[in-house]
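First the structure, which I've put down as structure tokens, then a few questions once you've had a look.
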Amino acid sequence: MDDGDLELSQDEFLALDGNDAASLVVRRFEALRERGCEPEAAVVVAVHPDVSITDAAELLAEGCDPRTVVRILR
């Protein structure tokens, strides 16, 4: 799966039904974990569908706080 498939605008995300939204968050979480992100950081980022998985993983690997990563990338 392409990382682009894991990113949506807030409006696109809100238009999803509950199961699709939950599935997207799980897939985002798993993609972050596969890139070595700690579970707590992966959860914080995964619930923001407009944040790039690739960019977030790079910032987290550099030691950025996950909340800061979200603020930077939104």
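The values are calculated or read from the model by the stated rules, or taken from the named source; none is laboratory data. Please read all numbers here as calculations on a predicted model, not as lab measurements. A quick note on method: Cβ atoms are made from the backbone with ideal geometry, for glycine too, and the neighbour counts reach across all protein chains shown. The accessibility values were calculated without ligands, DNA or RNA, using every heavy atom of the protein model including side chains. Shrake-Rupley method; radii C 1.70, N 1.55, O 1.52, S 1.80 Å.
So is ASP5 open to solvent by 60 Å² or more (accessible area, probe 1.4 Å), modelled with pLDDT under 95, touching a helix residue (DSSP H, G or I) at 6+ places or on another chain (Cβ under 9 Å) and not β-branched (Val, Ile, Thr) or not?
Considered against the rule, which asks whether it is open to solvent by 60 Å² or more (accessible area, probe 1.4 Å), modelled with pLDDT under 95, touching a helix residue (DSSP H, G or I) at 6+ places or on another chain (Cβ under 9 Å) and not β-branched (Val, Ile, Thr), ASP5 comes out as yes.
Now for a separate question. When you look at VAL26, is it surrounded by fewer than 15 Cβ atoms within 10 Å (Cβ to Cβ), at pLDDT 95 or above and in a helix (DSSP H, G or I), yes or no?
Yes: the conditions hold for VAL26.
Out of all the residues in region 30-40, is one or more without any contact (Cβ under 8 Å) to a residue 40 or more places away in the chain, basic (Lys, Arg), open to solvent by 70 Å² or more (accessible area, probe 1.4 Å) and part of a helix (DSSP H, G or I)?
yes
Out of (1) open to solvent by less than 50 Å² (accessible area, probe 1.4 Å); (2) more than 12 Å from the chain's Cα centre (by Cα), what's the single condition that is false for GLN10?
Only one criterion in (1) open to solvent by less than 50 Å² (accessible area, probe 1.4 Å); (2) more than 12 Å from the chain's Cα centre (by Cα) is unmet by GLN10, namely (1).
Could you go through region 48-58 and let me know if any residue there is open to solvent by 40 Å² or more (accessible area, probe 1.4 Å), touching a residue at least 12 places away in the same chain (Cβ under 8 Å) and either out of contact with any helix residue (DSSP H, G or I) (no Cβ under 7 Å at 6 or more places or on another chain) or part of a helix (DSSP H, G or I) (or both).
Looking for residues that are open to solvent by 40 Å² or more (accessible area, probe 1.4 Å), touching a residue at least 12 places away in the same chain (Cβ under 8 Å) and either out of contact with any helix residue (DSSP H, G or I) (no Cβ under 7 Å at 6 or more places or on another chain) or part of a helix (DSSP H, G or I) (or both), one finds at least one in region 48-58, hence yes.
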